[in-house]
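Chemist: The structure is given below, and queries will be raised subsequently.
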Amino acid sequence: MDIDPGVDDISFIHPPETRSSRGVLRTELKGNVVYNDKSIFTRLGVSQVPEILVEQCVAPFVGNAGLQRSKKELLRLVASASDHEVRMYPHLYRVFEHIETFSADGTRAHQRQFVPGGSATLTAEGETWAFPREVPDFALLDIDDDNPRVRVSFEKNRDDAPTRLWRVKSGWVAVKVKVEDGPVPASIMHNRDGTDTDIQDMLTQAADYARLHLSARPFQLYSVGLLIFGSKFCVGFFDRDGVQLSPVHDMWADFGLFVRVVRRMACDMSPEALGRDPSAVLLRDDDPKRLQALDALGSEDARTVPAYAVAVGGGKDRRVWVTVGPPIWSSYSLLGRGTSVWRAYDPKSGRLLVLKNAWRSSKRTPESAIYRHIRGSHPGLALFDSGGDVIFPGEKVAISAQRLRDFNDLGDGETAILHRIVIETLGRPLWDYSTELELLLGIRAAMKGHQFLYEQGILHRDVSGGNVMLSADAALGAESEGFLMDVEYARVEGAFLDKVTVTDIKSVNHGHGIHSDTGPAKRTHTHFSSSRVLRGAAMTGTLQFMAFEILEAVGTSNSIKHQVWHDIESFIWVLCYTVLRRMVRSPLTPLSKEQKDIARDNFLAWFGHSNIRAITTNRTALTGPLAVKWYQGMLSVPMTALYERLHQLLLHGQSGASPLAYDSVFAALDEAISAST
């Protein structure tokens, strides 16, 4: 089946806080977890910690009263099994601090610190009002001049978190008091027959931390977490193919191993070993390329955001793009595409473009190939510049989840491959519109671009708030006020549709994976293919903008083929989403507090769910986003008339009388545009 961009891209710049995201994660993780994977400790490089350092680091736990007291209290809390894990924080912090700062020769390759999560929600750069409110028990803080080492206080009502930004966290820790609340099913913990179909709550929680880490820490390939449950611990690597968990060990019986794990994560591992993309280089603040990019954008706000020099793909194109400011759009997914979209500067031409960073299935045609298949161009469609699979620097091997895990032979399996494209058409989010006329013209232009594709046999199938943008240049002319982008999930009629590109991932020693006997491990994989949606499969399209007919089919496990009228309906939901989002954040006309509260409640009800049943329930004709009665006079006269017209067209289509069509929706938009002029 197709990779589900509905589960994958519940995002669009910063998505509404999803009320059932962990339920979605639990479903995603089934079949994608590897337990008891011995390669994890090899990947961490625990054997590289000198034995003499481990012995000297362990010794104080016998003679140091403070450390002895922390160990004793941790054991007491675990034995009582009744206290919240927050009571473990001061004692775990003392243990972490001892291991991090201990040094026989005074040298540390890297400076990091495990700090408790505190009460401050970790967040991303840019607009953060809807960033999911999740705080890991501990975060692994990068120590530098801007973020010096801190002395943490555990006084009540005091928050010593040095920074709320995920991007300066190299990893994280999840903690549970009880052993039985750990991430590994009891059958696997006790070496009985079992599968990973029963995903434990702690693993879902850890995956939640990982997805936010991957979203808000730019160009992160995977996320590394230390999971402590009772006196047990294991390490998890979370990537776009799923999760690998190390064997479980006892923190005190195997304290030397625990020291090695903490030491490696805090002091020794390079940023790349902890998941940073080696093809995206963090630039110094005074780097000339960064300064040129900032001047080209002309935004002072972007100067507080780090810039990256990013290579696109293999082949002959050796250009490097420089990111400017925070992402335009960043996905909150763990599995699947993990898309982020950036403004990017080309140092050679001096142009600003759009860079898209995403993971594709190895069994799907690359998005760059689909763009090259398009005949001609249209002002309402993003203009493709270049793109391809991203390769490890200095090699000819694509960056994929399998290669990061160092599997030498993919065989008939499937993996996520990092793919980048550059779009010449520079845009901005729909919800940045300054007038309703600008918004309506932008959506109309993007629909025209969609029609252009459809008339040459290409159905987009993923119309969403993140894939429709306003043009950054208002002077480009008719039907260029907005544009449609992201054709990765398009269905192309004809032989081209059946073309599948599998990147060669022959074994090479590139230093990013593991080269050792991994031992026995439980492993399952999910496979994707087909232009038709299989029975019970997740459909193409982002869930919050998915057509009602497809939502119903998914909810009832029926098969349905994605049609053009489904995409047209998605454009309607994009319009409603954008208007509501603008009302909540920065309305064009002043709203009372009561009106803002109503707008926010409606926004979360209609677009804040990641559960198909909840979305379907809130999409009904009488209570859905087109029902003007719920807006309490907040819509303008032209927009009210447009909603009522679209409502009738939608009801007519859902009754089976006549599906939505381009002409009828264009006519409704044209009336509203005329009334708004």
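Coordinate-derived values only; no laboratory data. A quick note: this is a predicted structure, and the numbers were derived from the prediction, not measured. Positions of Cβ are backbone-derived with ideal geometry, glycine not excepted, and every protein chain shown enters the neighbour counts.
Chemist: Lysines near residue 629 by alpha-carbon distance under 23 Å, same-chain residues fewer than 8 away left out - which ones?
Modeler: Partners found: 593, 596.
Chemist: Which value results for Rg/Rh of the range 277-394 when Rg is the Cα radius of gyration and Rh the Kirkwood radius based on the inverse mean 1/r?
Modeler: Radius of gyration relative to Kirkwood radius: 0.96.
Chemist: Another question, if that's okay. Stretch residue 27-residue 75 to full length: gain in nm at 0.36 nm per residue minus the Cα-Cα span?
Modeler: Net length gain for the segment: 13.9 nm.
Chemist: Let me ask something else about it. Express in nm, to one decimal, how much length is gained between residue 304 and residue 434 on full extension, taking 0.36 nm for each residue of separation and deducting their alpha carbon distance.
Modeler: Additional length available on full extension: 44.3 nm.
Chemist: When Lys and Arg each count +1 and Asp and Glu each count -1, what net charge do the other residues less than 10 Å away from residue 423, Cβ to Cβ, add up to?
Modeler: Net local charge, residue 423 excluded: -2.
Chemist: Here's another thing I want to ask about it. Roughly how far apart, in whole Å, are the Cα centres of the range 414-493 and the range 224-300?
Modeler: 34 Å
Chemist: Please list the radius of gyration and Dmax for the range 201-252, considering alpha-carbon atoms only, with Å as the unit.
Modeler: Every Cα atom of the range 201-252 included, Rg and Dmax give 11.5, 36 Å.
Chemist: If each residue's Cβ is checked for other Cβ atoms within 10 Å, how do 589, 101 rank with the fewest at the top?
Modeler: 589, 101
Chemist: Among the lysines, select those whose C-alpha is under 29 Å from the C-alpha of residue 38, and discard any that sit fewer than 8 residues away in the same chain.
Modeler: Of all the lysines, those that pass the test against residue 38 - Cα under 29 Å, at least 8 places apart if same chain - are 30, 71, 169, 176, 178, 232, 363, 396, 506, 522.
Chemist: Distances over 20 Å make up what percent of all Cα-Cα pairs in the range 548-661?
Modeler: 43 percent
Chemist: At 0.36 nm per residue, minus the direct Cα-Cα distance, what do residue 559 and residue 65 gain on full extension? Give it in nm, one decimal, please.
Modeler: 171.3 nm
Chemist: Could you check the simple spin-label distance between residue 198 and residue 617, using points 7 Å along Cα→Cβ, in nm with one decimal?
Modeler: For residue 198 paired with residue 617, the spin-label model returns 2.8 nm.
Chemist: Same structure, new question: For the range 240-297, how big is Rg over Rh, using alpha carbon atoms and the Kirkwood form of Rh?
Modeler: Answer for the range 240-297: 1.24.
Chemist: Non-local amide H neighbours of residue 383 (under 5 Å, H modeled in plane, Pro and chain starts lacking H): which ones?
Modeler: Close amide H contacts, sequence-distant or interchain: 424, 425.
Chemist: Count charges around residue 310 for me, please; just the other residues with Cβ under 9 Å from its Cβ, Lys/Arg as +1, Asp/Glu as -1.
Modeler: Neighbour charge sum, excluding residue 310 itself: 0.
Chemist: Taking other Cβ within 10 Å of each residue's Cβ, how do 114, 666 sort, fewest first?
Modeler: Exposure proxy ranking, most exposed first: 666, 114.
Chemist: Sticking with this one: For each of 588, 649, count neighbouring Cβ atoms within 10 Å of the residue's Cβ, then give the residues from fewest to most.
Modeler: 588, 649
Chemist: Quick check: the distance between the Cα centres of the range 35-62 and the range 306-351, to the nearest angstrom?
Modeler: Centre-to-centre distance over Cα atoms comes out at 37 Å.
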